[in-house]
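What follows is calculated from the coordinates using simple rules that are stated; it is not laboratory data. Everything numeric here is computed off the predicted structure, so don't read it as measured data.
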Amino acid sequence: MTEILTTSNITFSLGLLAILFTVYNYFRNPQIDGDKRDALLAKQLEFQNKSIEERFKSMQDNFQALLLQSNNHIHTIDTKVENLNTNVGALSNQVTRLGTIIEERIPRKA
C-alpha cells in the first residue's frame, strides 16, 4: 500500500486528472459559448420579427385609413356629380321652356 501512495504516483494521478479536466473544459466551453450564441441569435430574430410585425401593422393601419379617406372622397364626388346632373337637367328644361316662350312671342319671318 505504501508503494502505491508514493509522491510520483500522486503527482502522476493529479497530472492525469488535470489533463482530463482540461480536455473536458476544452470540449465543454465551446458548447456553452455556442448555446449562448444560439440564444442571442434567437432573441435577435424574435426582436426582428416583432419589429417587422409592428411595421406591417402600422402600414396596414395607414392603408386602411387611406382607403377610408378615398372612399369618403369618392362618395363626396359622386354626390356632387349627381347634384350637377340634376342642375344641368333643370337648366336644360328651363332653356327649352324659354326657347318655346321666345318662339311664341317672336314669330318667324318666312
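Annotation: average projected area of the chain is 14.1 square nanometres, based on the convex hull of Cα atoms across all directions.
Over the chain, dividing the summed -39,500 (n - 2.57) contributions of all DSSP H runs of at least 4 residues by the number of residues returns a 222 nm mean residue ellipticity of -34500 deg cm²/dmol.
Build a GNM of the chain with springs between Cα atoms under 10 Å apart, and of Ser70, Ser92, Ser51 the one that fluctuates most is Ser92. One decimal place: the segment Glu103-Ile4 gains 21.4 nm when fully extended, by the rule 0.36 nm per residue minus the C-alpha distance. Cross-link partners of Lys80 among aspartates and glutamates, defined as those whose alpha carbon lies under 14 angstrom from its own and excluding same-chain residues fewer than eight positions apart, are absent. Run down the lysines and flag those whose C-alpha is under 30 Å from the C-alpha of Lys43, throwing out any fewer than 8 positions away in its chain. Result set, ordered by chain and number: Lys57.
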